[in-house]
Amino acid sequence: MSDQSERLLGPAPSAEPAEPAGAAGLSRRGVLRAAAAGALSLPFAAALASPATAVTIPAATAAGVPSAAPELPAGLMPYRSPYINWAGEITHGGLWACAPRTGQDLARLANWARANGWRLRARGKSHTWSPLTITQGTEPDAPILLLDTTVHLTHMELTAPPAGAPGAVRAQPGVTIETLMAFLADHGLGVTNTPAPGELTLGGTLAIDAHGTSVPADGETARPGHTYGSLSNLVLSLTAVVWDADVDAYVVKTFHRGTDEECEALATHLGRGLVAEVVLQAGKEVPLRCQSRVDLTADELFAAPGSALAARGNTFADFMAGSGRVETIWFAFTDKPWLKVWSLSPERPRTSRRVYAPYNYPFSDVIPTPVSRLVGLIVGGSWHLAPVLGATQYTVAATGLTATLATDLWGPAYMLQFYLRPTTLRETANGYGILTSRADVQRVVSEFAAYYEQRLAAWAAEGRFPVNGQVEIRVSGLDQPGDSAAPGARPPLLSVVRPHPDHPEFDCAVWVDVLTQPTSPGAHEFYRELEQFLMSTFDGGYALARVEWSKGWAYTDDAAWADDDVIESAIPASYGAGQWSEAVAVLDRLDPHGVLGNEFTDRLVR
């Protein structure tokens, strides 16, 4: 059952985006080189990749595109706007865009798009790698309308929670999760998992089931209103634009978790939905302590289970058992990762420094001069300097932690969960979530790390350096329906951490990402090797690899998101044929005319 939404949040007051003069034809390589070498100021580089603040492009200046603007529904003004994703791999000099104010505006736009042969793409902060918004090579005059949700659709308010959850919040899709988490914290509420960047929109995080890092520590009991899974598992209801055959039009409807299958499909929709409003459950906020170490070797942290090194008690799994919240950042060609360990800490430990805001690692927020110069040289063609860059990044982190008194921090949870600003070094990343049991986490981590290190060394021996960034390893729980306060809830259908029906023993997911500069020679080939290893090793026996929606995957030797077998077979199989087809059927029914999507999602979600 669903109901026509009778009450939508009002728009947040804001002006329409201006249309100042700008330049079209942005070059990905040019932007990356200039930013890395310091020729662009960091604020300007960030603006280029943040469409909400980027300059718009007058229609007449968009090369090769007719200047005539589309005639949108009354009250909606079209303007040209560039699109640049996080690492600059997907760019467009200027698509038509508008800033809808209400959910009804979204419905009117959907009906306009259907009647005029256009497609709608919601755009928040464009902090993504994958082509779920637009694809690289989108034609200059493509009939695609970008919907900027960050201008008006940003309102939020507390609402009555259901039994079993201490709190609930009603919010629109354009609000950033940093703003949302600060709002919840002001009311004594919070969540267990968030991504590291706070400048992501709520709509974007739900579209790809954004996650953090957490499982229950040994002896830790689940807290009402919280989940160790993704943010999508907190959804109680969704209001979205969907097709209504009875009225032969797109309308705004509300779907409830546990009652409507549409809610489970839209909670992670991969760009195949258009959400106007969401209600999320929340739990009581408990402060966190975050301790950093840079003294343990990778050999010890990622030691094979049962080995002499593992017996020392300093493995990834050991820290996971003790605190439940662990991350390692392992710079290329170095032997000592940056280990972060978060733990629940209602009271401030005497040795911890209290924090009063997010982003407490200034040495990584803004690119230090030695790093920017090295990256400029590397992107300019000196790829053999990758080991020097890795060593420099490690040194910056190790000295920066000490210099800024950041090795032991304490404060509100969200202030320690957000630590990645838009001004950090922009890199491309592959991404996978590997479902397994807690007992096998160290085995997964160890086998991945050993393969990665061996292949990195083998490539270097041949004089090839495809990876010049870092490896990030996290672990989270799955989207268990019992975490939801909605009776009868099921997991989001397309969540990476949706439990697998054939593997009830899998209760967590190891997240792995390998980062490098987007133009690194051989990067796609290296990523393909790694992906094939992950999918063949973690094939559903003691672990199962799934792709992380917002990152890079489906590699050929020359491109990401291009391997037909991975896209059309491996990905659906990793969910189970029945569950994948159920999600596709629901999303197709909600948008039978294909207004919401692009040529890539047409190929993926089918």
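The values are calculated or read from the model by the stated rules, or taken from the named source; none is laboratory data. Since this is a predicted model, take the numbers as computed values, not measurements. Here the Cβ is made from the backbone with ideal geometry for all residues, glycine too, and neighbour counts use every protein chain on show. SASA here: full protein model, heavy atoms, side chains in, ligands and nucleic acids out. Shrake-Rupley method; radii C 1.70, N 1.55, O 1.52, S 1.80 Å.
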remark   = Once Lys and Arg are counted +1 and Asp and Glu -1 for all other residues with Cβ under 11 Å from that of Pro491, the total becomes -1
query = What does the accessible area per residue of the chain come to in Å², with a 1.4 Å probe and no ligands, DNA or RNA counted?
reply = 35 Å²
remark   = Of the convex hull drawn through the C-alpha atoms of the range 312-394, the volume per residue in Å³ is 134 Å³
task = Over the residues of the range 126-234, compute the C-alpha Rg and express it relative to 2.2 N^0.38 Å.
result = 1.25
query = What residue among Trp553, Pro349, Leu238 has its Cα farthest toward the positive end of the dipole of the chain, where the charges are +1 on Lys, Arg and -1 on Asp, Glu, each on the Cβ?
reply = Pro349
task = For the range 425-441 and the range 140-198, write down the distance between their C-alpha centroids in whole Å.
result = 25 Å
note = Here the range 545-555 yields Karplus 3J(HN,Hα) values (6.51, -1.76, 1.60; θ = phi - 60°; whole Hz; Gly and Pro given as x) of 8, 10, 7, 8, 4, 7, 9, x, 6, 6, 8
task = Work out Dmax and Rg for the range 551-593 from the C-alpha atoms and quote the Rg first, both in angstrom.
result = 12.7, 36
ask   = Which value in deg cm²/dmol, rounded to the nearest 500, describes the helix-derived mean residue ellipticity at 222 nm for the chain, given -39,500 (n - 2.57) per DSSP H run of n ≥ 4 and division by the residue count?
value = -8000 deg cm²/dmol
request  = Quick one: which residues, 5 or more positions from Thr213 or on another chain, have an amide H under 5 Å from its amide H? H modelled 1.01 Å from N in the peptide plane, none for Pro or chain starts.
outcome  = Thr194
key: Hits among lysines - C-alpha to C-alpha of Lys551 under 19 Å, sequence gap 8 or more where chains match   = Lys125
note = About its Cα centre, the chain carries a charge dipole, from +1 on Lys and Arg Cβ atoms and -1 on Asp and Glu Cβ atoms, whose size in debye to the nearest 20 is 1640 debye
task = Give the carbon-plus-sulfur fraction of the accessible surface of the chain in %, rounded to a whole number; probe 1.4 Å, heavy atoms of protein chains only.
result = 55 percent
task = For the range 72-124, divide the Cα radius of gyration by the Kirkwood radius and give the resulting Rg/Rh value with two decimals.
result = 1.00
task = Would you calculate the volume per residue, in Å³, of the smallest convex hull containing every Cα atom of the range 232-374?
result = 224 Å³
ask   = Across bins of 5 angstrom width beginning at 0, how are the C-alpha pair distances of the range 177-272 distributed, in whole percent?
value = 2, 12, 18, 22, 19, 13, 7, 4, 2, 1, 0
ask   = Where Rh is the Kirkwood radius over the Cα pairs of the range 198-237, the temperature 20 °C and the viscosity 1.002 mPa s, what D in µm²/s does Stokes-Einstein return?
value = 187 µm²/s
key: Within the range 524-606: Cβ-based charge dipole about Cα centre, in debye rounded to nearest 20 (Lys, Arg +1; Asp, Glu -1)   = 360 debye
request  = Under 14 Å from the Cβ of Arg353, count the other residues' Cβ atoms, weight Lys and Arg +1, Asp and Glu -1, and hand me the total.
outcome  = +3
inquiry  = What three numbers, in Å, describe the spread of the alpha carbons of the range 509-551 along their principal axes, ordered from the longest?
reply    = 35, 19, 13
query = Three principal axis extents, largest first, for the C-alpha atoms of the chain, in Å?
reply = 68, 55, 47
key: the range 164-210: translational diffusion in µm²/s, Stokes-Einstein, Kirkwood Rh over Cα pairs, 37 °C, 0.692 mPa s   = 295 µm²/s
ask   = Running Debye on the range 381-471 with equal point scatterers at the Cα sites and no solvent, what base-10 log of I(q)/I(0) appears at q = 0.19, 0.21 Å⁻¹?
value = -1.22, -1.25
Counted charge near Ala304, where neighbours are those whose Cβ lies closer than 9 Å (Asp, Glu -1; Lys, Arg +1) = 0
remark   = Note: the range 286-326, point scatterers on Cα, Debye, no solvent; log10 I/I(0) at q = 0.16, 0.20, 0.30, 0.34 Å⁻¹ equals -0.42, -0.61, -1.10, -1.24
message = Taking every DSSP beta bridge with both residues inside the chain, roughly what % is antiparallel (nearest 5)?
response = 85 percent
